[in-house]
Every structure is written in C-alpha cells, then in structure tokens.
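Remarks on the structure that follows.
Read-outs: derived from the displayed coordinates by stated rules, not from any lab. Being a predicted model, the structure only gives us computed values, none of them experimental. So basically every Cβ, Gly included, is an ideal-geometry build from the backbone, and we count neighbours across all protein chains shown.
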Amino acid sequence: MTLYAIAIHGGALTMKPGELSEEEAAFQRVGLGKALHAGWLILNRGGTALDAVEAAVRSLEDNPHFNAGRGSSLTRQGEAEMDAAIMDGRTLQAGAVTGVRYVQHPIGLARAVLERSPHAFLAGDGALEFALACGLPLAAPSYFQTDKTRQQWLALAQQESNQLAGHD
Amino acid sequence: TVGAVALDQAGNLAVATSTGGIEGQAKGRVGDSPVLGGGTYASNDSCAVSCTGDGEVILRGALAHEVCALVKYQGLPLAEACQAALRLHDDKLKGDKGFIALDPQGRVAIEFNTNVMRRAYRVGEAAPYIAIYQ
C-alpha cells in the first residue's frame, strides 16, 4: 500500500481553565476535521504534498475560529497583518510573505511567490502588489475581523486609554 | 497560527504555515511563521515541520530547522527531535511552543508544552485523529 499522511495544527497556547468555551472548542474541532480532510483528499487521490498543505491551510484561513486569514489577530492599529510560508521538501523551493493586508488567502500568495517569482520572501506593499499582479482575491479589512477579534482589540485600546488617564 | 505538513504518494514532503500574528502586535512585527527555518521548514532528506506558539521565541531558536537538523545530522527519531527542540535552551527560550512534523516514512510527531494545541492528523486510510487539549 502506498504511504501518505498529513498533520495540521490550529495554534498552541497556554490558557486558563474555562477560557476556551465548549462551544468554541466544538467549532474548532469541526474546523480541524474539515481542513484535515481537504488536504487528505488530495493525497488520497495521488496529488502532491504541496497541494495538500496549501488546501488544508486555506481551509483554516477561511475559518474565523482560527488565527489566520479571516479571524486574524489585529495590530495596535486594528488591522489584520498576515504572514505565511510554504516549502517544497523535494526541491527546497519556498515562498513566504509578511505584513500582508487584504489578501484573502496569504498561503495562496506564498505559493505564488514560490512558483511565479524569482524570490523567496516578499513583504508588505511589495507582497500586496505581487498579489495584485497575480490576480489573487482580495477582501476588505472588515472581512478579516470577527466579533471576537474586535472585542479583543477594543479591550486593549480601552486598557491603553485607562493607562493614559490622568496624564496631560 | 495554523499549519500543515504532508507526505504524498511519491514520497515528497511539504509544509505550509499561516498566521494572523498576535493580538495588539506592533505594525510590521514578524514572528516565526513566515521565516524559513524559523517556524516553517521541509526537506525530503529529513522531515517537514510547522511551528506555533510564541513567535519571537521560536524564531530566535530557528526551531523548525533545528528539528530537521537533529533528524538529519544526529539521526534522532522525529518525536525525539521535536522534544529536543522543545527543550532547546530552556533557560533562554522560555515560552509557548508547539510542533507538528512528518518524516518520509510517514511518522507523525506532535509535541507541545501548552495545555491547548489544536491538532489533527491522518495516515493513509487510518481513522483521523483530532484533539485540542493536552
């Protein structure tokens, strides 16, 4: 029997008891299962490892319950600035992007860097312009935000505002 | 942060990692995920690794490449290599760390020092494994 396998993660962190609700954990389990299946199906049908990892990560980027793509953490300015990388173990070809805004699938942009640019790593405006040149799908800033990330950002902003109180 | 490692039927490995960074991060901050060798690395002669956790810590340890190097040059089994990388410079690289890794023999390793690690794997036609808590 031919060997193939896939493993995925959706983030590791130390949390206080009860911080992750049962409902949220259930959403995340479903999301993990869906992403795993997206990658596994490609491998099962004889597709490449590179296609499989991209498919699995795209699925997680689409899922607002994970910190990537839609659902990304917000910067101090309240924006989603995303990073992604992809690497082919056969050729050691790689593509990476950092500080990317508006690009719906940062992993798709990293794959485009791998396949369609002479470079390995693009940042910020350069990465965004490359996404435009490649015709990759973009989304408005609000697409990347969720109620949870907006609340987290507001709490941080409030905390900073309180710390400033009393100073002129 | 999310990530995936895969081995295809032709025996090739690949890795992908994507992240929204950390809550309230400074504009322009870069963590480990997009840095090749930092949070993401794959080579057919060793393994494929994707990291998650405290980005600055993982980046300073070049931990994805560390795992590959331990497999390639020290001949460690994948899980042991991940455990060694997890403990690397324990006093200087304190923080949350999680790895998923896969070698050309289809062995999966998932190692982490946190109480939550959202993870899943499937080898061939075997049933999928999905877990969140330690």
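Based solely on C-alpha atoms, express the radius of gyration and the Dmax of region B:67-119 in angstrom.
11.3, 33
Can you show me the helix-derived [θ] at 222 nm for chain A, built from DSSP H runs with n ≥ 4 at -39,500 (n - 2.57) apiece and divided by the number of residues, rounded to the nearest 500.
Only helices count here, giving -15500 deg cm²/dmol.
Consider just the alpha-carbon atoms of region A:25-106 and return their Rg together with their Dmax, both in angstrom.
Cα only, region A:25-106: 13.9, 44 Å (Rg, Dmax).
What list of ³J(HN,Hα) couplings, whole Hz, do you get for region A:100-115 from phi and the Karplus terms 6.51, -1.76, 1.60, once you set θ to phi - 60° and write x for glycine and proline?
8, 10, 6, 7, 5, 10, x, 5, x, 5, 4, 5, 5, 4, 4, 9
Can you find, among B:GLN134, B:VAL123, A:ALA96, the residue sitting farthest towards the positive end of the charge dipole of the protein assembly as shown, where Lys and Arg contribute +1 and Asp and Glu -1 at Cβ?
B:VAL123
What net charge is computed for the residues neighbouring A:ARG76, neighbours being all others with C-beta under 15 Å from the C-beta of A:ARG76, Lys and Arg scored +1, Asp and Glu -1?
0
For B:ASN113, enumerate residues with amide H under 5 Å from its amide H, sequence gap 5+ or separate chain, H modeled in the peptide plane.
B:LYS97
So for A:HIS65, B:HIS89, fewest C-beta neighbours within 10 Å to most, what's the order?
Least crowded to most crowded, the residues run B:HIS89, A:HIS65.
Where q = 0.14 Å⁻¹, what log10 of I(q)/I(0) comes from the Debye formula for chain A, counting one point per Cα?
-0.82
How long are the three semi-axes of the equivalent ellipsoid for the protein assembly as shown, computed from the Cα gyration tensor as the root of 5 times each eigenvalue, in whole Å, largest first?
Semi-axes, largest first: 29, 21, 19 Å.
Provide the net charge surrounding A:GLY11, with neighbours chosen by a C-beta distance below 10 Å and charges set as Lys +1, Arg +1, Asp -1, Glu -1.
+1
Work out, step by step, the length gained on full extension between A:ARG116 and A:MET15: first 0.36 nm times the residue separation, then minus their alpha carbon distance; give nm to one decimal.
Extra length from A:ARG116 to A:MET15 when fully extended: 32.3 nm.
Of all the stretches in chain A, which is the longest one without any exposed loop site, taking trypsin sites (Lys or Arg not before Pro) in a DSSP loop (any state but H, G, I, E, B) with at most 16 other Cβ atoms within 10 Å?
In short, A:77-168.
Can you compute the FRET efficiency between A:LYS34 and B:GLU125 using 1/(1 + (r/R0)^6), with r the Cβ-Cβ distance and R0 = 25 Å? Round to the nearest 0.05.
0.85
For chain A, give the share of DSSP beta bridges that are antiparallel, in percent and rounded to the nearest 5; count only bridges with both residues there.
Percentage antiparallel, nearest 5: 65.
Check cross-link reach from B:LYS72 to the lysines: straight Cα distance under 22 Å, and skip same-chain residues fewer than eight apart.
Candidates past the 8-residue exclusion: B:LYS97.
Taking R0 as 30 Å, what FRET efficiency do you get between A:GLN93 and A:ALA133 from their Cβ-Cβ distance, rounded to the nearest 0.05?
0.95
For chain B, what is one quarter of the convex hull surface built on the Cα atoms, given in nm²?
Directional mean of the projected Cα hull area for chain B stands at 8.2 nm².
Distances longer than 17 Å among the Cα atoms of region A:63-115: what percent of all pairs is that?
The share of Cα pairs beyond 17 Å in region A:63-115 comes to 38 percent.
Would you work out if region A:113-168 is rounded, prolate or oblate? Take a ≥ b ≥ c from the square roots of the eigenvalues of the alpha-carbon gyration tensor; rounded if a/c is under 1.5, else prolate when a/b is larger than b/c, oblate otherwise.
prolate
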